[in-house]
Amino acid sequence: MTYEHFHNMTIGELLSAQATRFPNQIFLRFDKERWSYADVELKASSLAAGLRELGLQPGDRIGVTLPSTPAYVITIFAAAKAGLILVPINVRRDRTDALARFAKTKPQALITFSDPKQFNGLDHLEMAFGLRENLPELRFVISTSASKAQKKDGVISWDSLLKDTAPLAPAIAKPQDAAAIIHSLGSSGDPRGAILTHGGLVHNAAAIASRMDCTAEDVFLGTIPFSNAFGFTAITLACAVAGAQLVCMPHYHPSEALRLVKEAGVTVLSGVPTMFALELNHPDFNTAACATLRTGIIAGAPCPPELVMRAREKMDFKLLIGYGLTEASPAVTMTQLDDGPITATESVGIPLDDIELKVVNAEDVSLPYGEEGELCLRGYNVMTGYWENPEATAQVLDKEGWLHTGDLAIVDADGPVRIVGRKHEVIIRGGFKIYPGSIEMVLRSLPGVKDAAVVGVPDLIFGELIYACIVPDEHSKLTVEETLAYAESHLPNYARPDRVLFFDLLPRHTQRGGLVQKSYLRERVRIHGHSWKFGRNVDTDAIIPARHCNTADPRELSLHCMEDADADFVKKMKRGDLIVADSNFGCGSSREVAPLTIKAAGVSAVIAKSYARIFFRNAINIGLPILECPQAVDGINEGDEIEVEPATGIIRNLTTGTQYQAVPFPDFLRRIIEVGGLLAYAEERLAEKLG
Amino acid sequence: MGHTLAEKILATKCDQKELFPGQFINARVDLVMASELSGILAIEEFEKIRNARVFDPKKIVFIMDHFTPAKDIKSAEIVKTCREFADKHGIRFYDVGRAGIQHILLPEQGLIAPGDLIAGADSHTCTHGFIGAFGTGIGSTDAAVAMAIGEMWMKVPESVKFVYHGKPQKWVGGKDLILHTIALIGVEGARYQAMEFTGETIDSMRMNDRFSMANMAIEAGAKAGLFAADETTRAYLHSRGRDDGLYLRSDPDAEYSAVYDIDVSNFEPFVAVPFIPENVKPVSELKELEINQAVIGMCTNGNIEDLRAAAEILKGRKIHPRVRAVIIPGSQKVYLDALREGLIEIFIEANCSVSTPTCGPCLGGHMGVLASGERCISTSNRNFRGRMGHITSELYLANPYVAAASAVAGRIISPSDL
């Protein structure tokens, strides 16, 4: 299905069209209740009329902070039909967060609810009233929690706005008009409201539904909050485009998701990587219960290939990887149902139709295919700008309409797009975007801290964990516990460091104002994996052109050497595991082939008896952490769970509970590491020599 | 306290009066060497260094030997990139027809002298210890940096001493001594150490035998494999136009991590059996192992003396009908000498093929790659699984006499059993 007929339509028109085409088809399901497309059309139209009767005018903003219930979906369509601009706020946002988002958008009405038990005592209705003190424009507080609403003066009951006999509101909005303002975070962590149009959102939803080959037979599960562009477009609107069913899920929990998949016969399961990790690791998980699953999207954070592979295997469905951003309504690229295993797990697929991509360097010059640079896109789906924020808009949206994503990517001529990193250093932990700068500021204010850097470290459950790297003052006796306690009292719970590590110094760029080398630090703060003792008869130096890859190019050889040398070994090993080099590993390998080989295999660190050996010095030079620790090599068995902190040289065998201290790098190597590798060191030496 | 040869050489490279094992130094290099395989990566890394120029074009050499003559478009492109880089920077560049395998070519062309520090982007750079030079393998990033600043970082290695006694019997050469030594200490036995080869056997040993021994020091994990330069060395280098260099020796009271006394008088030829060079057996224990291929030459045993040894066996004989034999002279000069001496004729008469100098099959590259299940005897230095071809193929390492005799017999045998 191409769903081209949805390419120039408002959100209200989308629902009307589907209510005409599938009047009796179930659209929304929640517990035992069911709403057909005709039911939702009727309710949305009457709510639209109710909202207009309050005096709200087209173009007015209407805030929504609701769990993902049918009421939310009805509100989305009602606001659209009334010509109001929806400003969704995640229910997990506290008053400060909400205020920061409403301060500029100034909604005239706010639809909310009250359920403090579910939200650690946070009463959203109370919060809404509190907001009115700061938001004089906020005239109406509407609550879906009827009983509570009646008790409170000035609260309008959501139900009371639904008038059974209300006339269908005439179409007011046009496809090019703003439908929603969804917030994303700027590089300093400040929220910015991306203005998304009706046409952009519906067209994007149609493209998503088409890529997933959705039909009216499908059943979507509402895992992602509808306040998020992913949940808004890729779940709610894409479901409507297909004329499919949406199983509402107000509070995400992996066991609940698994239960609903089985009981409701869900066919389309989407989520952020954390959700899939939690579902797969859940004791209730079993493959048979996922029998109805057909496809879905994993997106919202970097997707570890092994997680995607595991989800595809264990859930036995064609999970697609999506890449997008709020400012793009949100989907930009997706993998395809018939992709091969590597494309399906290690890329973000190809762009959706009618979206142009390019990659630029730091000077904004377009790069040829295959080169790494900042990904830019242009198309119907790009926001019209940030609400009342022309400076921020100008930073990301250029005069030719290119949206600069801040993500570093490689785009091939015909091949899939690969996202390789983030231009800025945002950490996404469990779906929350966290800006290291704000945490670093707090940590630097702690007495005894000389310097601090915060990095995200890949984690299979949370996507990333927050690591605080602290350089204490010379005579400070600061402890990890004190640092964590301080962070707890000064930071929101989702932004607290998961680990605190102490350093003597932080690696900094020699140029670029001496900025901390985050990518370098990130690789070094912690490594966690299982150990593999590399067989000593493995020749990582072996060149296998005739046998396998038929090439003389050392860069290509590195991708195959290890597998050729010991295929079983490679099959057993997981990306991120460590190698314990028991013996003459990579016997005599002189070139980078061997280090490149183990990098290609995804090895995160090597524990060796001597890092000065040719093989290992190469590895150091190309930035692979090597720890010299003969005791650890002898004390670790294959398969042991190991945690390594290369910065401190601590090696923990979590299986046996033994801890080892690797030989510290000599000053000489520390300098190489400090400046960021051998090439940077050479530049320093050259400068010295020149005087 | 006295110092070892390794410590003495390295001290001269960083203007230190003395050095001790474990110290980290930034040493000046006398020669940086790369093949096309390591050169291509080194060039990429070099070009990432801002404002980099080569520190001294006369002290850098590019030798195209691994996939030459270009075996495919890719290798041709790689060589082309290396040539353009060399032209741009005025670096000495050896290509097909003028080249040879880098370790044979360097001394032959008089590019190295005793006491030199040679940073080669190839693990067998330890070979140059055979003339008393500290040759050591480096990575391409190291090579890039050495080309730019003329220095390499290094930990001063401990030294381990091997003292060889006795006169080797007929058919026994340097290759057998080093195979025995690797078997004795294991492939990890000299991990990050300088192996120092000494003793009366060494004093009377020919340069090509010393060459084979130093070449395989890396197979015991060594940083370098050193022979103190002596009068044999002086004569060898004189004929190659080099009368300079530092003729250093270890002090009598130098400290070694270990000293091994090895009596070679009862040695018979040794063979390293799959899949690791320490898996060494006397050739007499390997009777009846049929082979499909024999490869003689390349770097470990690619000197003219090695080809003479093979020719001594093959003269007037034909190789076994099942067997393919590939003779790979170590350099153009070795090839020409062999031609003039009539060795090539002997090889061809014996149904051997003769290749242009190349690393070729040693690393499974080209010029004699093995099919599944095939067994090969080779004078090369590594016999890891799949090293010369298919993962199920087997590689046995031996000296040129044994390789040639086995080619004739169709199975692994000692020349004395022919």
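Descriptive notes on the structure:
- Matching option when the condition is part of a loop (DSSP other than H, G, I, E, B), farther than 30 Å from A:L465 by Cα and in the same structural domain as A:P175 (by TED's automatic domain parsing), among A:D339, A:D364, A:D316: A:D339
- Verdict on B:Y192 being within 10 Å of chain A (Cβ to nearest Cβ) and hydroxyl-bearing (S, T, Y): yes
- Filtered by the rule that a residue be closer than 30 Å to A:G379 by Cβ, surrounded by fewer than 19 Cβ atoms within 10 Å (Cβ to Cβ) and among the polar types (S, T, N, Q), the stretch A:15-47 gives a lone residue, A:T20.
- Selection within the stretch A:342-354 - assigned to a strand (DSSP E or B) and surrounded by fewer than 21 Cβ atoms within 10 Å (Cβ to Cβ): A:P351
- Residue match in the stretch B:151-158 (condition: closer than 30 Å to B:G2 by Cβ, in contact with a Phe, Trp or Tyr (Cβ under 6 Å, 6 or more places away or on another chain), within 12 Å of chain A (Cβ to nearest Cβ) and part of a strand (DSSP E or B)): yes
- Of all the numbered requirements in (1) crowded, with 20+ Cβ neighbours inside 10 Å; (2) more than 14 Å from chain A (Cβ to nearest Cβ); (3) among the charged types (D, E, K, R), B:R385 misses one, and that requirement is (2).
- Residue match in the stretch B:90-102 (condition: under 22 Å from B:A194 (Cα atoms), modelled with pLDDT of 95 or more and not assigned by TED's automatic domain parsing to the domain that holds B:V334): yes
- Matching strands (runs of 3 or more DSSP E) fully within the stretch A:375-493 where at least 1 residues are among the acidic types (D, E), touching a strand residue (DSSP E or B) at 6+ places or on another chain (Cβ under 8 Å) and not assigned by TED's automatic domain parsing to the domain that holds A:P302: A:403-411, A:449-459, A:463-472
- Some residue of the stretch A:179-200 being surrounded by fewer than 16 Cβ atoms within 10 Å (Cβ to Cβ), at pLDDT 90 or above and either assigned by TED's automatic domain parsing to the domain that holds A:A49 or within 23 Å of A:R29 (Cα to Cα) (or both): no
- Conditions (1) over 30 Å from B:L37 (Cβ atoms); (2) without any contact (Cβ under 8 Å) to a residue 12 or more places away in the chain: number failed by B:L339: (1)
- Residues that are within 23 Å of B:H124 (Cα to Cα), within 12 Å of another protein chain (Cβ to nearest Cβ) and at pLDDT 90 or above, drawn from the stretch B:43-64: B:I43, B:F46, B:M64
- Any hit, the stretch A:677-691, residues being of a type in the set (K, R) and at pLDDT 70 or above: yes
- Test: residue in the stretch B:36-49 that is among the acidic types (D, E), in a helix (DSSP H, G or I), closer than 30 Å to B:E231 by Cα and in contact (Cβ under 8 Å) with a residue 40 or more places away in the chain: no
- Considering residues of the stretch B:75-101 that are touching a helix residue (DSSP H, G or I) at 6+ places or on another chain (Cβ under 8 Å) and in a helix (DSSP H, G or I) only, the residue surrounded by the fewest Cβ atoms within 10 Å (Cβ to Cβ): B:T81
- Yes/no for A:K117 being in contact with a Phe, Trp or Tyr (Cβ under 7 Å, 6 or more places away or on another chain) and either assigned to a helix (DSSP H, G or I) or in contact (Cβ under 8 Å) with a residue 40 or more places away in the chain (or both): no
- Among the residues listed as A:G50, A:G59, A:G12, A:G63, the single one being surrounded by fewer than 24 Cβ atoms within 10 Å (Cβ to Cβ) and within 32 Å of the chain's Cα centre (by Cα): A:G59
- Count of residues meeting criterion [touching a residue at least 24 places away in the same chain (Cβ under 8 Å) and more than 9 Å from chain A (Cβ to nearest Cβ)] in the stretch B:372-382: 7
Here's the yes/no breakdown for (1) surrounded by fewer than 18 Cβ atoms within 10 Å (Cβ to Cβ); (2) more than 23 Å from the chain's Cα centre (by Cα):
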{"residue": "A:I466", "(1), (2)": "no, no"}
{"residue": "A:P472", "(1), (2)": "no, yes"}
{"residue": "A:H475", "(1), (2)": "yes, yes"}
{"residue": "A:E481", "(1), (2)": "yes, yes"}
{"residue": "A:A487", "(1), (2)": "no, yes"}
{"residue": "A:H490", "(1), (2)": "yes, yes"}
{"residue": "A:N493", "(1), (2)": "yes, no"}
{"residue": "A:D498", "(1), (2)": "yes, no"}
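- Unique match (being in contact with a helix residue (DSSP H, G or I) (Cβ under 6 Å, 6 or more places away or on another chain) and modelled with pLDDT of 85 or more) among A:I651, A:I636: A:I651
- The set of residues in the stretch A:94-127 being more than 18 Å from A:W387 (Cα to Cα), hydrophobic (A, V, I, L, M, F, W, C) and out of contact with any helix residue (DSSP H, G or I) (no Cβ under 7 Å at 6 or more places or on another chain) consists of A:F119 alone.
The values are calculated or read from the model by the stated rules, or taken from the named source; none is laboratory data. Please read all numbers here as calculations on a predicted model, not as lab measurements. Neighbour counts run over all protein chains shown; Cβ positions are idealised from the backbone, glycine included.
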